[in-house]
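Read-outs: derived from the displayed coordinates by stated rules, not from any lab. All figures in this text were calculated on a predicted structure; none of them were measured in a lab. Here the Cβ positions follow ideal geometry from the backbone for every residue, glycine too, while neighbour counts run over all protein chains shown.
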């Protein structure tokens, strides 16, 4: 058994026999020759080697790739399990050597805590990298939009009520790039604004301009900071426009990669599952063979309810706060998008009649859909609406 506490420049490796004897315990540089040399040496002396890492992505990719090529078995110990197990060992220090030793002993004595790592094909690996970057860009979009809305609210609340909800529209961003203050918009005039908006918003250009001037007429006072906002707003609008263009390009590449994967038709046949959601499911779930049952998949996604009971004061089930946050969000959004389907709407309405709030009802629907998705992936079948008798 070989355990790695991975790092950027070097790893701490601890090799331990099934009996608990350490046969290797030192730092190694993060280079292929040194890694391959150690794996070959351990394999020649001790037979099949199990390589366990604490971070299977980014800085842990190279050790796993070399280990696979060297014929080693690989697995990883999730961070939450690692932290809980570490509390069982004496000492409070936090070092790479101690972490590697704890992971090695846990892998030896508690193999059920390990997660298997199936080799990723090139399509899934590329999807994972692009989807991760897309998630970063989505967070940046939210940050810039909040900043823009905050500035508009500060200098002209009526104008924010018109433009704030439309910040995703390229015509509105082009407008804010050219005219960053109420006075600049008024000075430009209706005809010039309509000419600017019409190429990107032909149907709403005139209506939007009328709404803008109606909002401008509601406020005559100039609040402090308006001139500063006029310098910042065009820059933020330009940045937001560029990021949205990047996300469009990434979405096209994600769709292209997804269509090349054999599971794509199965995933996208389910109502509410779009390109980005299908990519997230493919990255984190794959063909679902890593999960014994649908309940295991629901627990991994953080959508399985947690029972809490203590005396007579705390009883009942509560939503889990753990699990894969990105996968949980993907399942939640897919369930919300599926409300236009009769079967999903009927189940959602049933939960609302039981007294559940909107979010809780959506979570229940997402959990129910996991059962269907798991069966689809297991059997390789497309989504089939339930029959009237089953409903």
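Assorted remarks:
- Relative packing of 186-192, 299-305, which averages over residues the other C-beta atoms within 10 Å, highest first: 299-305, 186-192
- Among [x] -0.69, -0.97; [y] -0.90, -1.08; [z] -0.83, -0.99, the entry that matches log10 I(q)/I(0) by the Debye sum over Cα atoms at q = 0.10, 0.12 Å⁻¹ as calculated here: [y]
- As a proxy for reagent exposure, 345, 83, 108 were ordered by neighbouring Cβ count within 10 angstrom, fewest first; the result is 83, 345, 108.
- Here the relative contact order of the chain, from alpha carbon pairs under 8 Å that lie six or more residues apart, stands at 11 percent.
- Expected 222 nm ellipticity per residue - DSSP helices of 4 or more, -39500 (n - 2.57), all of the chain, to 500: -18500 deg cm²/dmol
- Panel order for 14, 277, 293, by other beta carbons found within 10 Å of each beta carbon, from fewest to most: 293, 277, 14.
- Ranked 196, 267, criterion: other C-beta atoms within 10 Å, fewest first: 196, 267
- Where labels lie 7 Å past Cα in the beta-carbon direction, separation of residue 287 and residue 214 in nm: 5.8
- If you run the Gaussian network model on the chain, springs between alpha carbon atoms under 10 Å, then out of 256, 177, 210 the most flexible one is 210.
- Applying 1/(1 + (r/R0)^6) with R0 = 22 Å to the Cβ-Cβ distance of residue 184 and residue 140 gives a FRET efficiency near 0.25.
- Nearest-ten-degree value, helix 32-46 long axis tilted from longest Cα axis of the chain: 30
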